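K.L.:
First, the structure itself, so that you have it in front of you.
Just so it is clear, none of the values below were taken in a lab; they were calculated from the coordinates. Just so you know, these numbers come straight off a predicted model, no measurement behind them. A quick note on method: Cβ atoms are made from the backbone with ideal geometry, for glycine too, and the neighbour counts reach across all protein chains shown.
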Amino acid sequence: MAKNYKNILIIRLDKMGDVILSTPVIKTMREAFPNSRITFMVRPYTRQIVEGNPYLDEVLVYDKDRHANSITANMKFILKLRRKKFDLALILHPTGRTHILMFLAGIPERVGYDKKWGFLLTKRIPHNKQFGLKHEMDYTLDLVRYIGIKPGSRSLYISKNEECEKMVDGQFARSGIKDTDIVIAINPGASCPSRRWNTENFARVADGLVLKYNAKVIIIASQNDKALGDDIASKMEAGCLNLSGKTTISDIASILRRIRLFISNDSGPVHIACAVGAPVVVIFGRNDRGVSPFRWGPSGGNDIVLHKDVGCDICLAHNCKKGFECLEAITVDEVLAAADKILTKKVVTK
């Protein structure tokens, strides 16, 4: 039986997809503690994921980069946490820094995975995420189970930003994209080369879908991956709307609410697509269980994962010595076939 916590802090200081996959924890905690105050702590660039979440009372931002080498800034933040008088901290992703912060903030109950200074926690779950025994969403919900709460919905959530909705509507109108068009978005970016399919292949897929379905193609990519998106646009024979380096997280959510299909590498926007109900074709490379589709795959009802095992016992990620054969093994025709299954509604709902 869970305690009656009155002031709850949930922490996730890693990347976009990780934060989105943690949103079921927010709803579960609200359902279990309808009268409690619930705060979610994130990095600045992921705050848009949880802002406007109806199950939260506050979003607290911790800038890891700004605080990295500043004892003064960290102490000010710790004092801020102390003043808020949280009685529970749920640490969804283990880092030494997070564990130290929560310990020094004096939060009486600190629940998380027993890794990276895990001895500073008051309740520790054995850490085995590297084995990929379950989906990351379930790893986050295990912390909720550990304090005696049965999780409810596993649905992901990202709120609408009305300004972004209007901006995207205007962008579509100026680009001649109509409500009746088959709109397909492509994301060539990812945090590691071992997760990035060839841009030439993406361009060929995009041209194939324009030819077959008269589709309107939108390319999205972060500022860091802008060159990849620009390269696809330059290699396409058909026209496209290239928004590489021009979108926020909320913008991406608004775009993906309006599309028929999202084709992407294994990266954060995949989980945004799942949150807003956009079907996804995801291209996976690495084969280690801890980074496999079993742990990080899409959670929607009409998604397709393309993933090849090319016989690597250990994945060296960006230090691959085999020329990323796992990615090269996935062909343009296979991606087009997967897109066809979704666009012609031949995919069986999960």
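K.L.:
Helix-only mean residue ellipticity at 222 nm, the chain, DSSP H runs n ≥ 4 weighted -39,500 (n - 2.57), per residue, nearest 500. What is it?
P.N.:
-10500 deg cm²/dmol
K.L.:
Under a crude label model (7 Å from the Cα following the beta-carbon direction), how far is GLU237 from LYS150 in nanometres?
P.N.:
Distance between label points: 5.8 nm.
K.L.:
Rounded if a/c is under 1.5, else prolate if a/b is larger than b/c, else oblate: which is segment 172-230, with a ≥ b ≥ c the root eigenvalues of its Cα gyration tensor?
P.N.:
Oblate, because a/c is 1.5 or more while a/b does not exceed b/c.
K.L.:
What residues have an amide H closer than 5 Å to that of LEU13, excluding those fewer than 5 places away on the same chain, when H is modeled at 1.01 Å from N in the peptide plane?
P.N.:
Residues meeting the amide H criterion: HIS93.
K.L.:
With charges only on Cβ, +1 for K and R and -1 for D and E, what is the dipole size of segment 136-181 about its Cα centre, in debye, rounded to 20?
P.N.:
So the magnitude is around 160 debye.
K.L.:
With a 10 Å cut-off between alpha carbons and a GNM built on the chain, which of ALA173, ALA105, ALA238 moves the most?
P.N.:
Among ALA173, ALA105, ALA238, the largest mean-square fluctuation in the Gaussian network model of the chain belongs to ALA173.
K.L.:
Determine the alpha carbon to alpha carbon distance for each of LYS166/LYS216; LYS116/LYS246; LYS226/LYS322; LYS134/LYS235 and list only those over 29 Å.
P.N.:
Over 29 Å apart, Cα to Cα: LYS116/LYS246; LYS134/LYS235.
K.L.:
Would you mind telling me which residue in VAL210, VAL19, VAL281 has the biggest mean-square fluctuation in a Gaussian network model of the chain, where springs connect alpha carbons within a distance under 10 angstrom?
P.N.:
With Cα springs under 10 Å in the chain, the top fluctuation among VAL210, VAL19, VAL281 is at VAL210.
K.L.:
Full-extension gain between LEU133 and ASN224, please, as 0.36 nm times their residue separation minus the C-alpha to C-alpha distance.
P.N.:
Here the segment from LEU133 to ASN224 would lengthen by 29.6 nm.
K.L.:
Over the Cα atoms of segment 162-343, how large are the radius of gyration and the largest Cα-Cα distance (Dmax), in Å?
P.N.:
Every Cα atom of segment 162-343 included, Rg and Dmax give 15.6, 50 Å.
K.L.:
List the trypsin sites (Lys or Arg not before Pro) in segment 28-111 that DSSP assigns to loop (not H, G, I, E or B) and whose Cβ has at most 13 other Cβ atoms within 10 Å. Which are they?
P.N.:
Taking segment 28-111 and a limit of 13 other Cβ atoms within 10 Å, the loop trypsin sites (Lys or Arg not before Pro) found are LYS85.
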